[in-house]
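Step one of this worksheet: look at the structure below.
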Amino acid sequence: MVKRYAIVKDGVVVNMAIGLDALGPDWIESEAAHIGDAWDGEVFTAAPVAVPTEAEAAIAALAEIDRRSGMSRLLRETLLALAGTNAPAMLKTYETQAAAQRAKLAPK
């Protein structure tokens, strides 16, 4: 029967594998372990979840706006400047969202 193994290096799960048998002493059978979890020799402990800083979250949000709009900040701002008040509502919405995220990155 195939088993699930955590491959542990220096007390941390560095990879997961499946197989019939462990291929080394660092292969620990586990159905619950995940990469990044700690192993103390008896029990796996879940790795702490990293909470992004406000700046990291704002940068990720800006990247998502670029992805959704299909254009960079420079292109959005150029199109808005050229179109003026006739700019499509969606373009204005993207730029409003981006401006709110950029404000979070401004020095306080």
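For the reader, a short list of remarks on this structure follows.
- Single condition Ile18 does not satisfy, out of (1) touching a Lys or Arg at 6+ places or on another chain (Cβ under 7 Å); (2) among the hydrophobic types (A, V, I, L, M, F, W, C); (3) within 30 Å of Ala103 (Cβ to Cβ): (3)
- A Cβ distance below 6 Å, combined with a sequence gap of six or more or placement on separate chains, defines the contacts here; from segment 19-38, residues that are within 13 Å of Lys9 (Cα to Cα) reach residues that are buried (at least 16 other Cβ atoms within 10 Å of the Cβ) and among the hydrophobic types (A, V, I, L, M, F, W, C) in the pairs Asp26/Ile7; Asp26/Val8; Trp27/Ile7; Ile28/Ala6; Ile28/Val8; Ile35/Val13; Asp37/Val13; Asp37/Phe44.
- Which numbered condition Val8 misses (of (1) under 21 Å from the mean Cα position of the chain (by Cα); (2) in a strand (DSSP E or B)): (1)
- In segment 58-87, the residues that are more than 17 Å from Ala100 (Cα to Cα) reach residues that are modelled with pLDDT under 85 and part of a helix (DSSP H, G or I) with C-beta atoms within less than 7 angstrom, at least six apart or across chains, in these pairs: Leu79/Leu91; Ala87/Leu79; Ala87/Leu80.
- Checking each residue in segment 65-81 for being at pLDDT 85 or above, surrounded by 13 or more Cβ atoms within 10 Å (Cβ to Cβ) and either of a type in the set (D, E, K, R) or not assigned by TED's automatic domain parsing to the domain that holds Ala98 (or both) picks out only Asp66.
- Scanning segment 82-98 for residues that are exposed (fewer than 12 other Cβ atoms within 10 Å of the Cβ) and either of a type in the set (A, V, I, L, M) or not assigned by TED's automatic domain parsing to the domain that holds Leu62 (or both) yields Leu82, Ala89, Met90.
- Taken over segment 11-31, the residue count meeting the criterion of being of a type in the set (S, T, N, Q) and assigned to a loop (DSSP other than H, G, I, E, B) is 1.
The values are calculated or read from the model by the stated rules, or taken from the named source; none is laboratory data. What you are looking at is a predicted structure, and each value in this text was computed from that prediction instead of being measured. Neighbour counts are summed over all protein chains in view; Cβ atoms, including those assigned to glycine, are modelled from backbone coordinates with ideal geometry.
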